[in-house]
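The values are calculated or read from the model by the stated rules, or taken from the named source; none is laboratory data. What you are looking at is a predicted structure, and each value in this text was computed from that prediction instead of being measured. Here the Cβ positions follow ideal geometry from the backbone for every residue, glycine too, while neighbour counts run over all protein chains shown.
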Amino acid sequence: MGFATATPAFANGPEIFGHGARSAALARADIAEGDPTDTQNPAFAASPGVRLRLGYGYGAMLLSLNGADAGVADVSGIDFAAQVGADITPSVRAGLLLAVHLPDTSLATIAFRPGTEPQFPLYESALQRTAADLGAALRYRWISIGGGVVLGLRVAGDGTSFDVEQDAAGTHGDAAAYVELPYAVAPLAGLRLNLGRLAIGAAFRGAMAVDMQLDNVTRVALTENPLNGTTTVKVSGSSGFDPARLSAGAAVSIGAGFVAYAAMEVAFYSAAPPPVADVAFDVRLGTIPSLREVRFIEPRFRTTLSPRIALEVRRPAPSKPVELGEGFGDPSKSSPKTPSEARDAPDPPWRWAVRGGYVLAPSPVPAQTGFTSYADATRHGISLGGGYNLGRTLGVDLSLSLAAQAHILESRLEQKPIAALPHASYEVSGFLLHGAASLEGAWR
């Protein structure tokens, strides 16, 4: 049973592109103002009503090494989110959130390349796995706080075994696999201040990776075989590391239906483990192999700071500036009955929206000067999308959101100081293309 492979690896979705089409169209700058099902900030969940969101995203990973395809596989998956909230008192609201990302290919993907081979550690196994956010939020007047956990998967268990024996009945073999998928848990926290036309938000998401630790045991007991005995191969490592992230941002209702977003995200890549598996051999076959253990040093990635900006315009525009978080009219409200009610009534709900954003993501990978050949470059991400309010059907307010993204990697040349080192010179380039669609239903 093989978990450490050199096959083309996978990259992901939510932490690169966004969970849901609206967040993707805003380049994940929606830290201070978002939909109640948005995973950017768990504090958003403190909103009355029930909402369900279902979406799908696909990303083409067009990355190159020395002008040739790097073999990083495309990514795709389903995003689902559910939120429920209620007014506890006139000034207190509470809410719960469940958000799930389910890849198309597998529940969890683990892929390790040889340590000296050029590889894209940020995209080649980064979170191509099932993950879920569980959160709760509480709002008191203008302040909201939220918290919860991020759930992922690990690979553990007793590992695999293979036995070959010989007795009077002849030669026979037996094999067994004992693999478990326990949960990995990381913290989730958020804060939001609703100051009318200005909203301020901050969020923290803990680090996550698919950790693996398995033993592969082979036992051989054959007549007149000089290599009878037991071989144990211990494989351990972390695949698809996603760093802890601390984000802060603001949103401003400019007027005429325009909302501007800005955010900064700190990604703690400096805590990244080696993206290469550790392998240890325990051989008891009457001989000793020349290499019994392989370990790689820490990658020494750098913590990065990524600015994000976005703009959203909704039409029809409200007749006056509105408070963020209150929307542009509640479609569940009944029509005014009197001239006084008509004068004081909220504007009709927005029918359509256009969104766009930009992110500058510096590379955490330092210059390569030794045996490792990690590949990455500063990334510029441009996003564009929109939303359409489909209206109310059978008591459900339906809305559709679409998003498209293009991420361009700056060309980067790695030139190691010693020509005899593995892959002493290589050039990194490429781009990522991503599209997403989401349908949301709300019961208010």
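Of note:
- Odd one out for residue 82 among (1) modelled with pLDDT under 95; (2) within 23 Å of residue 137 (Cα to Cα): (1)
- Selection from the range 393-432 of residues that are β-branched (Val, Ile, Thr), within 20 Å of residue 115 (Cβ to Cβ) and either surrounded by 15 or more Cβ atoms within 10 Å (Cβ to Cβ) or within 31 Å of the chain's Cα centre (by Cα) (or both): 428
- Identity of the residue in the range 216-248, among the charged types (D, E, K, R) and modelled with pLDDT of 70 or more, that ends up surrounded by the most Cβ atoms within 10 Å (Cβ to Cβ): 242
- The set of residues in the range 261-320 being under 30 Å from residue 200 (Cβ atoms) and either modelled with pLDDT under 70 or more than 26 Å from the chain's Cα centre (by Cα) (or both) consists of 313, 314, 315, 316, 317, 318, 319, 320.
- Cβ-Cβ contacts under 9 Å between residues 6 or more apart (or on different chains), taken from a first residue in the range 291-304 that is farther than 15 Å from residue 234 by Cβ and of a type in the set (Lys, Arg) to a second residue that is at pLDDT 65 or above and crowded, with 16+ Cβ neighbours inside 10 Å, are listed as 300/272; 302/269; 302/362; 302/363; 302/364; 302/365.
- Evaluation of residue 89 against (1) under 23 Å from residue 395 (Cα atoms); (2) at pLDDT 90 or above (one fails), failing number: (1)
Yes or no, residue by residue, for (1) more than 30 Å from residue 422 (Cβ to Cβ); (2) modelled with pLDDT under 70; (3) out of contact with any Gly (no Cβ under 9 Å at 6 or more places or on another chain); (4) not in a loop (DSSP other than H, G, I, E, B):
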| position | (1), (2), (3), (4) |
| --- | --- |
| 97 | yes, no, no, yes |
| 111 | no, yes, no, no |
| 116 | no, no, yes, no |
| 126 | no, yes, no, no |
| 135 | yes, no, no, yes |
| 147 | yes, no, no, yes |
| 150 | yes, no, no, yes |
| 165 | yes, no, no, yes |
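- For the range 34-92, filtering for residues that are of a type in the set (D, E, K, R) and part of a loop (DSSP other than H, G, I, E, B) leaves 3.
- With respect to the conditions (1) more than 20 Å from residue 410 (Cα to Cα); (2) crowded, with 24+ Cβ neighbours inside 10 Å, residue 49 lacks only one, and its number is (2).
- The one condition in (1) buried (at least 17 other Cβ atoms within 10 Å of the Cβ); (2) closer than 27 Å to residue 93 by Cα; (3) modelled with pLDDT under 90 that residue 186 fails to fulfil: (3)
- Leading residue by the ranking (modelled with the lowest pLDDT) among those in the range 366-389 that are of a type in the set (A, V, I, L, M, F, W, C) and either closer than 14 Å to residue 429 by Cα or in a strand (DSSP E or B) (or both): 375
- Residues satisfying the stated conditions in the range 406-444, i.e. in a strand (DSSP E or B) and closer than 30 Å to residue 50 by Cα: 434, 435, 436, 437, 438, 439, 440, 441, 442, 443
- Some residue of the range 72-83 being of a type in the set (Phe, Trp, Tyr) and either touching a helix residue (DSSP H, G or I) at 6+ places or on another chain (Cβ under 9 Å) or more than 16 Å from residue 133 (Cβ to Cβ) (or both): no
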